1. All but one of (1) farther than 19 Å from ALA131 by Cβ; (2) within 15 Å of the chain's Cα centre (by Cα) hold for GLY14, so report the exception by its number.
2. For segment 25-50, enumerate the residues that are of a type in the set (Gly, Ala, Ser), closer than 19 Å to LYS118 by Cα and either touching a Pro at 6+ places or on another chain (Cβ under 9 Å) or in contact (Cβ under 8 Å) with a residue 60 or more places away in the chain (or both).
3. Specify the residue that is modelled with the highest pLDDT; the eligible residues are those in segment 104-133 that are in a loop (DSSP other than H, G, I, E, B) and hydrophobic (A, V, I, L, M, F, W, C).
4. When segment 102-122 is examined, which residues are found to be touching a helix residue (DSSP H, G or I) at 6+ places or on another chain (Cβ under 8 Å) and either of a type in the set (Val, Ile, Thr) or surrounded by 14 or more Cβ atoms within 10 Å (Cβ to Cβ) (or both)?
5. Hey, TRP20 hits all of (1) in a loop (DSSP other than H, G, I, E, B); (2) surrounded by 19 or more Cβ atoms within 10 Å (Cβ to Cβ) but one; which does it fall short on?
6. Looking only at segment 51-61, filter to residues that are in a helix (DSSP H, G or I) and without any contact (Cβ under 8 Å) to a residue 40 or more places away in the chain; which one of those is farthest from TRP107 (Cα to Cα)?
7. Being β-branched (Val, Ile, Thr), buried (at least 18 other Cβ atoms within 10 Å of the Cβ), closer than 27 Å to GLU111 by Cα and touching a Lys or Arg at 6+ places or on another chain (Cβ under 6 Å) narrows it down to one residue among VAL90, VAL64, VAL8; which is it?
8. For segment 30-47, how many residues are surrounded by 17 or more Cβ atoms within 10 Å (Cβ to Cβ) and over 18 Å from GLY103 (Cα atoms)?
Amino acid sequence: MTKDPMWVVAGALGAAGDRWLMHRRPLEKHHGGLWEFPGGKVETAEIAVKALTRELHEELGISVLTEDCEPVGFAEECGENPIVILLYKVMRWRGEPRALEGGAVQWFAREDISALDKPPLDTALTAQLFAKV
């Protein structure tokens with residue numbers, strides 16, 4: 001029997017100078033030490049964009065309005081533990097992003113993000129994001 005996929009949302013936070021925020025996963029977690037777009041799981045009966053605003057507040061301590069979240073792509077992995085990640089571009093928020101749940105956050109120029117070690121789905125999301133901006 002096939003499992004239902006885990007739905008995840010991620011935010012591509014962009015700043016002046018074509019800089020983008022990436023989150024380095026804590027070493028003890030799955031994909032530990034790899035860079036990803038910040039975000040997290042969509043809860044049961046939760047709207048994806050609402051999950052994104054909640055996750056960005058929990059993980060980064062920032063406030064984001066749903067109308068400031070633009071969907072830009074998705075990536076999925078089938079198999080034993082299927083996952084779907086929805087990526088949103090976020091260009092406005094309140095607060096200074098910081099890693100509240102472990103790991104680290106850092107701003108990168110667009111051209112430097114492709115060289116970062118990332119989970120496979122974040123690599124696919126990066127290509128989709130930069131094809132549109």
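1. With respect to (1) farther than 19 Å from ALA131 by Cβ; (2) within 15 Å of the chain's Cα centre (by Cα), GLY14 is out only on (1).
2. Listed by number, the residues that qualify are GLY32, GLY33.
3. That would be LEU116.
4. Scanning segment 102-122 gives VAL105, ARG110, ILE113, LYS118.
5. (1)
6. Among residues in segment 51-61 that are in a helix (DSSP H, G or I) and without any contact (Cβ under 8 Å) to a residue 40 or more places away in the chain, the one farthest from TRP107 (Cα to Cα) is ARG54.
7. None of the other options fit; the residue is VAL8.
8. 1
The values are calculated or read from the model by the stated rules, or taken from the named source; none is laboratory data. Note that the coordinates shown come from a computational prediction; the quantities given were computed from them, not determined experimentally. With ideal geometry, Cβ positions are generated from the backbone for all residues, glycine too; neighbour counts draw on all protein chains shown.
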